Amino acid sequence: MNILVIGASRGIGLEFVRQYREAGDNVTASARDDAGLERLRALGATALRLDVAEVASAASLAWQIDGGGFDVAIVNAGVNGPRTTGLAAPSEDDFDHVMRTNVLGPMRVLPQIAGALAPGGRIAVLSSRMGSIGSRTSASSSLYRASKAAVNSIVKDASLAFAGRAVCVAFHPGWVRTDMGGAGADIDVATSVAGMRKVIAGLSARDNGAYLNYDGQAIPW
């Protein structure tokens, strides 16, 4: 299969590259810096320099992946932002950084990815259970939560726009032991990615627009 991973410098994105390459798939993946690009090349992936938060960089994606014929595309780029409690107002800089990366980033790359998909391609956008409004019980990290709720809306719109051509879903990867998730998280990155890969492999048209846990369980919007 041909696989595209956007945001693969480290953590979950890099693990997607590692597991798909170990399975023998052709992988194209992006990173923002030289160190990330070198990690991707070391795994045998085609490495693209991309920063979804920068307009010129994001606009360059289409020509870099033109004709890729990707069976699976994963949009993983994201940042955590400030860890807050209650209704703490973010600074303008924090708001711009989180929303530009987590929300504007997918809005920029999804239309470009669509044109490079193979027929019946599958798109997985990394969201978070923290973006769920229906299951929310905490107001902590409210900026991050707002960004992921917005991402879920974008995924839903993309699923409608791509219907009949591709399947697009949002994933909660679990609380994962990465630099972002921290050492006290529930699961390791290999378990999270293996679960999502299994779910992605089984996606069909009826799953288009779904919001899923890494093990395939539905999450309330």
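The values are calculated or read from the model by the stated rules, or taken from the named source; none is laboratory data. The shown structure was predicted, so the numbers you read here are calculated from the model rather than taken from an experiment. Cβ coordinates were reconstructed from backbone atoms using ideal geometry, including for glycine residues, and neighbour counts include every protein chain displayed.
Quick notes on this one:
- Considering the stretch 39-72, the residues that are in a loop (DSSP other than H, G, I, E, B) and in contact (Cβ under 8 Å) with a residue 60 or more places away in the chain include one that is nearest to Pro119 (Cα to Cα), namely Gly69.
- Qualifying residue in the stretch 66-78 (condition: surrounded by fewer than 19 Cβ atoms within 10 Å (Cβ to Cβ) and over 24 Å from Asn26 (Cα atoms)): no
- Failed criterion for Cys168 (all others in (1) out of contact with any Lys or Arg (no Cβ under 7 Å at 6 or more places or on another chain); (2) hydrophobic (A, V, I, L, M, F, W, C); (3) assigned to a helix (DSSP H, G or I) hold): (3)
- Residue in the stretch 6-16 that is part of a strand (DSSP E or B) and modelled with pLDDT of 95 or more present: yes
- Filter result for the condition that a residue is out of contact with any strand residue (DSSP E or B) (no Cβ under 8 Å at 6 or more places or on another chain), under 25 Å from Val169 (Cβ atoms) and of a type outside the set (Phe, Trp, Tyr), over Gly7, Gly67, Gly13: Gly67
- Only one of the numbered conditions (1) touching a strand residue (DSSP E or B) at 6+ places or on another chain (Cβ under 8 Å); (2) in contact (Cβ under 8 Å) with a residue 60 or more places away in the chain is not met by Gly81, and that is (1).
- The sole residue among Gly86, Gly36, Gly24 that is surrounded by fewer than 24 Cβ atoms within 10 Å (Cβ to Cβ), among the small types (Gly, Ala, Ser) and part of a helix (DSSP H, G or I) is Gly36.
- Single match in Pro106, Pro111 (criterion: surrounded by fewer than 20 Cβ atoms within 10 Å (Cβ to Cβ) and either within 20 Å of Phe16 (Cα to Cα) or of a type outside the set (A, V, I, L, M, F, W, C) (or both)): Pro111
- Test: residue in the stretch 118-127 that is surrounded by fewer than 19 Cβ atoms within 10 Å (Cβ to Cβ), out of contact with any Phe, Trp or Tyr (no Cβ under 7 Å at 6 or more places or on another chain) and within 27 Å of Arg10 (Cβ to Cβ): no
- Ser132 meets all of the listed conditions (1) closer than 29 Å to Leu87 by Cα; (2) touching a Gly at 6+ places or on another chain (Cβ under 6 Å) but one, namely (2).
- Qualifying residue in the stretch 173-186 (condition: touching a helix residue (DSSP H, G or I) at 6+ places or on another chain (Cβ under 7 Å), under 16 Å from Leu110 (Cα atoms) and buried (at least 18 other Cβ atoms within 10 Å of the Cβ)): no
- Within the stretch 185-219, if we keep just the residues that are basic (Lys, Arg) and within 18 Å of Ala73 (Cβ to Cβ), the residue that is nearest to the chain's Cα centre (by Cα) turns out to be Arg197.
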